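> For reference, the structure I am asking about is given below.
The values are calculated or read from the model by the stated rules, or taken from the named source; none is laboratory data. Because the structure is predicted, anything quoted here is derived from the model rather than measured. Cβ placement follows ideal geometry from the backbone for every residue including glycine, while neighbour counts extend to all protein chains displayed.
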């Protein structure tokens, strides 16, 4: 997922304009909330008869508005960002959202109505509804695994691969799971129940550092079963770039240890490399795009055009062979298809920003403002891209409509 407050000061992207835009949005929202709170205090809270209620309401407003500053200050002065401190930061930000967004909905309702009494009623309805939706996203949707079943026909798929089933998941962010072993055990059980020919993981197995992939967690992940095994790639969070104390744990060392742990699980880690899957005399190729440091620009600044072409990953791969490409960043899709590769490209990273609405053909998400392709299946000139919404969370412990996802893709020979 795009970088967030859990190490934002270490972002390496040269796209300063994009960073300024994000900072401006955050400051604008915080300033708007503060001004509305001040107005509410002057016009309403200050006139309440009960001193205790006035103090309680005023304190809540002040504390809630200061929570983002607390997160930034804590992150700035901490020597290192441990899993515990990152989890605490995510909880604080989650509480901030729970206190702020329903309040904004309440103010919107009051401003939308001409009459004060009607405005209060509308504001309460909107505020309570917003709070209920967010609470549901925290307590239910966050761990409510959905299996999306897709069928994709290809004229160039060998007949022996007709019905070949790929089970795809992405973005575990283990260090940000509230109950990693329990949640991953449930995930593995669901995957193993889908009778996969091949299981694919799209990157970001950890959130900050390699040690999140503990022996116990690896034990559960090692139990994933499929006919042709598990293949995976690295994501931006797997690179070690978000570690504050990079002297004690250099990012190269973090990456090396993480790769060792992944390979000990029996997963096939593809780093600009290709494997072949056979059915009789026929074969298809599976290519994994490695996450290089220069790709952080596209991970942190999704509006930046990708100028990196992953041609080395396809060295020696015949062009006529049906190809599945796994790339953590969906922004790489165009470069992959320009090379004539990626009959099916599988990506993650976006999480649909952990908030989306789907009602028939209508699909809405904040991710739409940042990405051309942000969730689900896309097709262009016979090539397909599927973006999985991920399993874990980054930044806050909620998923509003964007359920953690396992994708089951059945390939059909046309």
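> Here is a list of conditions, (1) surrounded by fewer than 14 Cβ atoms within 10 Å (Cβ to Cβ); (2) assigned to a loop (DSSP other than H, G, I, E, B), and residue 317 meets all of them except one; can you say which number that is?
Residue 317 satisfies every listed condition except (1).
> Taking the range 27-47 on its own, how many of its residues are surrounded by 12 or more Cβ atoms within 10 Å (Cβ to Cβ) and at pLDDT below 85?
Result for the range 27-47: 6.
> If the requirement is being free of Cβ contacts under 8 Å to residues at least 60 places away in the same chain, assigned to a helix (DSSP H, G or I) and crowded, with 17+ Cβ neighbours inside 10 Å, which of these qualifies: 111, 118, 97, 122?
Within the list 111, 118, 97, 122, the selection yields 122.
> On to the next question. Given the criterion out of contact with any helix residue (DSSP H, G or I) (no Cβ under 8 Å at 6 or more places or on another chain) and modelled with pLDDT under 90, identify the matching residue among 133, 72.
72
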